[in-house]
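The values are calculated or read from the model by the stated rules, or taken from the named source; none is laboratory data. Remember, predicted model here, so these are calculated numbers, not experimental data. Glycine also receives a Cβ, built like all others from the backbone with ideal geometry; neighbour counts cover every protein chain displayed.
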Amino acid sequence: MNIELKEGINWVGYIDWTVRDFHGYKTESGSTYNSYMIEDEQNAVIDGVKAQYAEYQIKRMAARVGLESIKYIVCNHAEPDHSGSLPELMKVCPNAVMVCNAKCKDTLEKHFDTADWEWQIVDDGDSISLGKRTLTFLNTPMVHWPESMFSYVPEEKLLFSMDAFGQHFATAFRFDDEEPLDVILQEAKAYYANIVMLYGRPISQTLKKAAELEIEMIAPSHGVIWRSHIKEILEGYQKWVVCKPEPKVIVMYASMWGSTGKMAEAILEGIQEYEVEARFYSVDATHSTTIATEVLDCAAIAIGSPTLNNSLMPNMAGALCYLGGLRPTNKKGFAFGSYGWSKRGGASEVEDRMKEMKIELTQEPIRSQYVPTPELLEKCREAGRELGKYAEQYKH
């Protein structure tokens with residue numbers, strides 16, 4: 001396995017082949033916790049790994065240099081998947097100084113016993129000389145925690161980008177040109193959609209800041225390192241930060257006795273009369289991770305649920321809670337659903353959640369009492385046609 005980014009700069013992280021959940025994000029491809037070591041006159045380590053994998057990180061570090069020679073341990077982001085090993089690192093690296101910004105120091109102090117740590121607090125634009133190389137720091141608040149920052153080595157044109165540009169993707173290879181590009185970009189899209197979609201505005205500001213740097217390599221905290229396809233990942237982020245619509249319409253629904261499912265199928269039939277991509281998801285059979293990834297760049301969406309106990313079906317409630325937290329933008333759509341003796345619930349609650357997400361509603365909810373009639377199903381098809389027509393304008 002090639003772990004060398006540049007001469008004297010190596011990956012010392014951990015590949016997590018078996019992780020399948022990241023606070024609700026279904027990580028079917030596993031993940032990596034990337035840590036990097038710069039060997040110079042002053043040796044430096046960039047970021048930690050999860051606490052339970054500290055020993056693996058330390059072994060990789062010790063295989064390259066004496067641990068007593070490590071001068072700086074940089075924390076770009078205090079979330080435990082990147083900071084969990086820091087207490088062990090500070091124990092086994094007796095001469096190390098913890099480098100982070102003031103907000104990160106405050107966060108780390110709330111996670112760990114840091115009484116014996118030596119600190120060097122840096123701010124936006126500050127630099128540390130390692131000898132032949134320099135580490136320069138850029139604050140990136142809310143990408144995706146308040147204390148987040150990037151570290152940059154100008155002599156190598158190398159950006160350590162923390163969670164930005166990452167992927168939950170376990171692989172024996174470390175670089176973007178060692179795996180199929182379409183697979184990596186899809187994993188990066190899923191990561192963006194499920195982790196940082198909510199933070200599009202601060203991420204767009206960070207992209208502007210990063211554009212001022214000369215960059216030949218981007219080393220994120222998860223997944224592969226970008227060295228051959230930087231243009232492609234930056235273009236992806238430029239689209240994703242604004243949820244740029246593609247000619248795509250999503251129908252997502254829950255059904256109890258099949259009535260809402262029939263409505264969903266009729267809506268899909270209407271959409272398919274147009275040359276757009278159509279996605280059809282039962283929330284009972286599809287994880288919210290997949291739905292959020294597809295919602296990121298859809299132009300329109302129809303969401304349906306029957307009424308259960310004057311409310312939504314449980315899996316639909318969960319899916320909408322998940323999506324609502326991510327706040328997708330630039331969408332149009334409508335709610336639909338069946339009911340029995342109480343109109344309040346199902347479709348009405350779906351519509352309320354869509355309003356909270358600021359999805360532009362194209363019409364009032366479509367409701368069917370019990371089994372939908374042929375006339376009601378035609379109304380569903382017509383509503384689907386409207387969404388298909390709207391999405392078709394985004395064809396390139």
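Quick look at the numbers
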{"read-out": "Unmet requirement for Asn330, which otherwise passes all of (1) in contact with a strand residue (DSSP E or B) (Cβ under 8 Å, 6 or more places away or on another chain); (2) on the phi > 0 side of the Ramachandran plot", "value": "(1)"}
{"read-out": "Region 1-26: number of residues that are assigned to a loop (DSSP other than H, G, I, E, B) and farther than 17 Å from Val224 by Cβ", "value": "6"}
{"read-out": "Qualifying residue in region 226-239 (condition: over 26 Å from Glu392 (Cβ atoms), in contact with a Gly (Cβ under 8 Å, 6 or more places away or on another chain) and among the charged types (D, E, K, R))", "value": "no"}
{"read-out": "All positions within region 27-66 that are within 27 Å of the chain's Cα centre (by Cα), in a loop (DSSP other than H, G, I, E, B) and under 28 Å from Asn95 (Cβ atoms)", "value": "Asn34, Ser35, Asp47, Gly48, Val49, Lys50"}
{"read-out": "Any hit, region 334-349, residues being crowded, with 16+ Cβ neighbours inside 10 Å, more than 15 Å from Ala254 (Cα to Cα) and of a type outside the set (Phe, Trp, Tyr)", "value": "no"}
{"read-out": "Condition check for Leu67: surrounded by 14 or more Cβ atoms within 10 Å (Cβ to Cβ), in contact with a strand residue (DSSP E or B) (Cβ under 7 Å, 6 or more places away or on another chain) and either basic (Lys, Arg) or under 15 Å from Tyr36 (Cα atoms) (or both)", "value": "no"}
{"read-out": "Residue satisfying condition, being closer than 23 Å to Ile218 by Cβ and of a type in the set (Asp, Glu), within set Glu147, Glu109, Glu88", "value": "Glu147"}
{"read-out": "Meets criteria (under 24 Å from Ile233 (Cβ atoms) and in a loop (DSSP other than H, G, I, E, B)) for Thr171", "value": "yes"}
{"read-out": "Of all residues making up region 366-396, the number that are in contact with a Gly (Cβ under 7 Å, 6 or more places away or on another chain) and part of a loop (DSSP other than H, G, I, E, B)", "value": "1"}
{"read-out": "Every residue from region 100-145 that is farther than 21 Å from Ile203 by Cβ, part of a strand (DSSP E or B) and free of Cβ contacts under 8 Å to residues at least 40 places away in the same chain", "value": "Trp119, Ile121, Ser127, Thr134"}
{"read-out": "Helices (runs of 4 or more DSSP H) fully within region 232-338 counting 3 or more residues that are more than 26 Å from Gly30 (Cα to Cα) and either in contact (Cβ under 8 Å) with a residue 24 or more places away in the chain or not assigned by TED's automatic domain parsing to the domain that holds Leu361 (or both)", "value": "259-271"}
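Listed here are the residues, each with its yes/no results for (1) in contact (Cβ under 8 Å) with a residue 60 or more places away in the chain; (2) crowded, with 17+ Cβ neighbours inside 10 Å; (3) on the phi < 0 side of the Ramachandran plot.
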residue: Lys355; (1), (2), (3): no, no, yes
residue: Ile366; (1), (2), (3): yes, yes, yes
residue: Pro374; (1), (2), (3): no, no, yes
residue: Ala383; (1), (2), (3): yes, yes, yes
residue: Gln393; (1), (2), (3): yes, no, yes
